[in-house]
Structures are given as structure tokens and as C-alpha cells.
Amino acid sequence: MVDDSLNRTGASLLIDALQKNGINNLYGVVGIPITDLARLAELRGMKYYGFRREDSAVDAAAAAGFLTKKPGVAMTVSAPGFLNGLTALAQATKNCFPLIMISGSSERHIIDLAQGDYEGLDQYNVAKPFCKKAYRVDRAQDVGLAVARAIRTAVSGRPGGVYLDLPADTIAQLNDDLGEKNMGVYKLVDPAPLQEPSDDAINRAVDIIKQAKKPLIILGKGAAYDRTEKQVQELINKTDIPFLPMSMAKGLVPDDDKHSAAAARSLSLKNADVVILIGARLNWMLSYGDAPQFNPEAKFIQLDIDATQFDSAQKISAPLQGDLTSILNKLVPALTATGYKVPSDWLDAIAQDTAKNDAKFAKRIKAGETNPEFGYYGAIEPINDYFQEHPDTYLVSEGANTLDIGRDMIGMKLPRHRLDTGTWGVMGVGMGYAIATAVETGKHVVALDGDSAFGFDGMDVETMCRYNLPITVVVINNGGIYNGVDNVVPDQLGPTTLDPTGRYDLIAKAFGGDNYYVTNYQEMKDTFATAVESGRPSIINVQIDPSMGKESGHIGNLNPELNLKPL
Ligand SMILES: Cc1ncc(Cc2csc(CCOP(=O)(O)OP(=O)(O)O)c2C)c(N)n1
Ligand SMILES: [Mg+2]
């Protein structure tokens, strides 16, 4: 009798269930009790990517979810490993990225009697506030169903993070309760069912838009995630309605499309009389839709998969609930059938403001090429030039000034090619996001980091080198969080001070990657394409002047100012 007991273990059933549902990449940090589980996954043909810290691994799985629309899957050990992954689980849920975080855990009776297990923690209950749903699977026979539930929960409705609690006992437990044929593992049917809005809802929205004198479309990362580029481009081309992309929606419509209002952001928000939110939430990033940023008379139309997003901060005059593609497949023909076109004076106003702001920005960029105090503009212009020539390169970015100036300077032409710190502005997502992007797409990835941001997960440069991934990390070193000079007590290290001349690039060299060090525009211009085109893991350390950078970049207004006077 062939001993097929391994095939009936919880571990084997977990791997079968993931593979049967088209999931073949695992991101994690092993240890008790998941090391053999990871080995078995590799034996069964899955690709396991081992990281140096769990938040990077879970961030990687989250980015995989955003890029593929299938849940990314991360695995951690119990307690400390689980807790390290929790920030990334919460971040994925906040960003609506589909993710399943699986953590080894303890037997219920040991936890519930507080008997003090090795790395014992009530993870199932700790996880609940930080994810869309938490599930615990105590019996091997339930593993197939647990994976099915986790996948469906992660991708259906508003996507997000799901926690799957996997006690050590379940991993090795044999499933003797089901027939040889049906081990409880199956391929889900329609994990994320389409949801269409009613005709009434569509007509209500059309009636409002066709009266609009100054409409504006705001594209959120939800519109990028749901692959709405075809419908959105048609909507814009047929009506001429101008658009504003939020950062991870950049490229859904090419940033250089003539309908972009990005360079006239203030004017377009302040004057729009109808604002059409497509997968974008009226949260802090859009000043909750309040004046003075927005027109107090503006009417809001919102397209979202989750009705609870409506009226989160403003009255929504035309709520459209459903998956964005289904909504747009009804809305676009209904609106274009009316023959509606935006009045030319609105387009002219945006075009004039765009020309004025673009001219100012161009001057700042030009000056950056020769500024003796080398700064962000001279450092990032070569990156933008490269992306205009090679739009199928992916960009991951984090930092404050580095993030904000990079977002304004680097035009994207393709959807889902930019990932960044998202709704929460979490530092330390860069390496995980970059590694998963390289793994999932096979394309060249540029990770544009501030020196502080890079410090959160820089050890995963070793991971990037170990898998020999085509990632070019650009560390903009201004010697600090925001800059290297804001110090209130002279001659001592301040709260935002970092090493002003540190050589972050040598970290790549330490692990077999390539390293570059630039101190001016021309050196960056000569170096950047070489590094990316090499297809090798590398770090470019860009040494800029420590005086460069504002407190908190473009969101300094959020800081409670104490108006301190330096000594
Ligand atoms: C997990 C977490 N901890 C702290 C913070 C607070 C923060 C926001 S931005 C930032 C780094 C800014 O410095 P950097 O050098 O990266 O960029 P630059 O402006 O170009 O100098 C920090 C620490 C956040 N957002 N997340
Ligand atoms: Mg910095």
C-alpha cells in the first residue's frame, strides 16, 4: 500500500488548494512551524521567495495582488513574525490590495488557558481589526474550504487583506475524513462576481453630468486595479472631460494625454461643478472634498464597489455601486449617447493654467541641471527622461520629498506601473513592492527611495540580489528625514538627522549587486539608463545637498507646528 499520508496533511492540502486556484508564488520568512511547509511548496512546483523581514514579504504579496488581481500569499511564523507582518496586512486592507497572510499559530486550548506556548499569541483575534476577515483552520479536512473562503474574501467586493491562522497541528494533521477523491480542495467558481448598477442609477448620473459646465474626473487606484483603462479612455475621448489621476492611477490614461488636469490641479478642483470619482475615496488625500480645495457648490458622482464609501465626507448626488468596469460599461454608452461635450471655456481655462504651471516647473527642472547645490530636480529628471523612452518600466517610490517630487516629475504612460506608499503613506514598502513587481511582471523595476525610507527595509537588498532581480534602487541621500539640516540644537544630531554622506550603494556591492554613486545631474544622466538596462540588481546612491527638502514634503500642512526657535 503506497503511503500517501503526506498528500493528506494540512500542508499538502493548503498547497493543492492554492495551486488549484492559480496561485503559485509565496512570499515569506520561514521558521517554526512553517519551514517544511515552504519546502513542500517548492517540491510541488511553487515559487517561494524568502525575505529578511515579514513586513517586506507581506508587502510583496500585497503588491502581487494589486498587479495580478489574484490574492498575493505571504507566510510568516507565529507571534513575532505574525506581528511584523501586521502593518503590511493592515496597509493592504487600507489600499484594497487582495492579500492572504498565513501565519503559523498555537493550539486554541493552550492560548485560551494562557499556558504559555512557544511564540504563543491569540493571533486570530489580534488580526481581526487589521484585515477584511480573519479565518482559523483547526482541521486538515477544512483546509480546502478555508483557502476558498480566504481567496473569495480577498478579491470579492472591496479587495483587501485576509488573515488565515494555521495552527502547527493542522499543518501536519492527516485528513482522514474525506474520500480519497474529494480531499475538500476545489477551484473557486467566479471568486469576484460582477455587480452592475441599476438603470436608474446610471440615468441619474447622466442627467447630472450632461448639465455640467466644468466637470472633472478623479481616478483612484481602484480604477487602476479594476483594469478600467479602455472604458476611462473612451469616456474622456468622447466627452473631453478632464481628469486628475491619484498617484497609483497614474498611467491609466497616459499622463501626457491632453485631457490631463494634473498640472492645473488646484484650479480644476476649486472650480469643478461636477466631480466624478472613479475608484477614488474622498479622504485626506482629497481634503475630504471640502472647500477651499473644492467648489462648495460641486456635485459629486461616485463609482465604487463598496456603497459604504458613499457619503464618507460629502453628499454623493449620484452613487454608482458595482465593479468599476461594469459601471463604466453602462455609464459610458449612456452618456455618449446624449452627445455631451465639455464646454470649451472650461478646457481653455485648464489648458492656460497647465501652460503657466508647466513653464514654471520646466524652469525649476532646467535650473536643477546646473544648481551647484545638487537637488531633487537634477536627480530625478534623468529618471523621467528614461521613463518617457521606456514606459514599460515599473516605478516604486517612497519617502517624502523624494516621493512627492518624483510623482510630479515622472510621467507614466501605462496603467499599474507605479506603486507607492498609498493611502497611509507607509515607509518601508519599497523593497517588498519592488521585488514582487519584478517577480510578477519580469520587467525592469526602479525603486525611487528617500534615504530614510530606504532604511526601513534596506536589508531586503540581499533578497533582491539573491534572486538576481532587475531592480535599480535609487536612494536620494539628503542626510535626513525630509532634509539633513533642520536641527534646533546645533552641534548635535537632531530627530531628523541621518548620515549625510552615507554610501547606501555599497549595500548592493556587499551582496553581489552593482553599485553606483552620483553627485550631479550629468553623472545621474550618464548612469541611470546603464544601471536599469543592465537588468541587474543595483543601487544608485544619489548624493544631494542636505539642505534640499521640506518638512514632510508636500503635506507639511498636516504637522502641528510648535514654531520652535533653534538655539
Ligand atoms: C512606517 C513609517 N514610519 C514613519 C513615517 C513618517 C515618515 C514620513 S516620510 C518619512 C521619510 C522621509 O525621509 P526620506 O529620506 O525617505 O525622504 P526625503 O523627504 O526625500 O528626505 C518618514 C520617516 C511613515 N510615514 N511611515
Ligand atoms: Mg531624506
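The values are calculated or read from the model by the stated rules, or taken from the named source; none is laboratory data. All values derive from a computational prediction rather than experimental measurement. In this analysis, Cβ positions are derived from the backbone assuming ideal geometry, glycine residues included, and neighbour counts consider all displayed protein chains. Surface accessibility is based on the protein's heavy atoms, side chains included, excluding ligands, DNA and RNA. Shrake-Rupley method; radii C 1.70, N 1.55, O 1.52, S 1.80 Å.
Residues in the range 15-54 that are assigned to a loop (DSSP other than H, G, I, E, B) and either modelled with pLDDT under 95 or polar (S, T, N, Q) (or both): Asn21, Asn24, Ile32, Pro33.
There is no residue in the range 33-52 that is crowded, with 20+ Cβ neighbours inside 10 Å, of a type in the set (S, T, N, Q) and more than 18 Å from Gly160 (Cβ to Cβ). Could you tell me whether the range 313-322 includes any residue that is out of contact with any His (no Cβ under 8 Å at 6 or more places or on another chain), hydrophobic (A, V, I, L, M, F, W, C) and in a helix (DSSP H, G or I)? No. For the range 1-14, name all the residues that are modelled with pLDDT of 95 or more, hydrophobic (A, V, I, L, M, F, W, C) and out of contact with any strand residue (DSSP E or B) (no Cβ under 8 Å at 6 or more places or on another chain). Within the range 1-14, Ala11, Leu13 meet the criteria.
For beta carbons closer than 6 Å, sequence separation of 6+ or different chains, a first residue in the range 177-195 that is within 16 Å of Lys70 (Cβ to Cβ) and open to solvent by 60 Å² or more (accessible area, probe 1.4 Å) and a second that is among the charged types (D, E, K, R) and modelled with pLDDT of 70 or more, the qualifying pairs are Lys187/Lys20. For the range 459-473, the candidate set comprises residues that are over 21 Å from Leu414 (Cα atoms), buried (at least 21 other Cβ atoms within 10 Å of the Cβ) and not hydrophobic (A, V, I, L, M, F, W, C); within that set, the residue that is farthest from ligand 2 (Cβ to nearest atom) is Thr463.
For the range 494-510, the set of residues classified as within 16 Å of ligand 1 (Cβ to nearest atom), aliphatic (A, V, I, L, M) and within 20 Å of Asn468 (Cβ to Cβ) consists of Ile507 only. Of the residues making up the range 326-354, those that are exposed (fewer than 12 other Cβ atoms within 10 Å of the Cβ) and either assigned to a helix (DSSP H, G or I) or touching a residue at least 12 places away in the same chain (Cβ under 8 Å) (or both) are Ser344, Asp345, Asp348. If we scan the range 433-455, do we find a residue that is away from ligand 2 (no atom under 16 Å from the Cβ), buried (at least 19 other Cβ atoms within 10 Å of the Cβ), under 12 Å from the mean Cα position of the chain (by Cα) and within 21 Å of Asn477 (Cβ to Cβ)? So far as the range 433-455 goes, yes, one or more of its residues are away from ligand 2 (no atom under 16 Å from the Cβ), buried (at least 19 other Cβ atoms within 10 Å of the Cβ), under 12 Å from the mean Cα position of the chain (by Cα) and within 21 Å of Asn477 (Cβ to Cβ). Residues in the range 207-222 that are buried (at least 19 other Cβ atoms within 10 Å of the Cβ) and either farther than 30 Å from Ala63 by Cβ or out of contact with any helix residue (DSSP H, G or I) (no Cβ under 9 Å at 6 or more places or on another chain) (or both): Ile209, Ala212, Lys214, Pro215. Within the range 524-555, being within 26 Å of Gly494 (Cβ to Cβ), open to solvent by 20 Å² or more (accessible area, probe 1.4 Å) and in a helix (DSSP H, G or I) holds for His554, Ile555.
A Cβ distance below 9 Å, combined with a sequence gap of six or more or placement on separate chains, defines the contacts here; from the range 272-300, residues that are touching a residue at least 24 places away in the same chain (Cβ under 8 Å) and more than 17 Å from Asp311 (Cβ to Cβ) reach residues that are polar (S, T, N, Q) and assigned to a helix (DSSP H, G or I) in the pairs Met285/Ser247; Gln293/Ser266; Gln293/Ser287; Asn295/Asn271. Each residue in the range 225-243 was checked for being open to solvent by less than 10 Å² (accessible area, probe 1.4 Å), under 14 Å from Lys258 (Cβ atoms) and touching a helix residue (DSSP H, G or I) at 6+ places or on another chain (Cβ under 9 Å), and 4 of them qualify.
Taken over the range 511-567, the criterion of being within 16 Å of ligand 1 (Cβ to nearest atom) and among the β-branched types (Val, Ile, Thr) is satisfied by Val518, Ile539, Ile540, Val542, Ile544, Ile555. If only residues of the range 529-567 that are on the phi > 0 side of the Ramachandran plot and away from ligand 2 (no atom under 16 Å from the Cβ) are counted, the one that is modelled with the highest pLDDT is Gly535.
Glu398: away from ligand 2 (no atom under 16 Å from the Cβ) and either open to solvent by 10 Å² or more (accessible area, probe 1.4 Å) or in contact (Cβ under 8 Å) with a residue 24 or more places away in the chain (or both), yes or no? In short, no.
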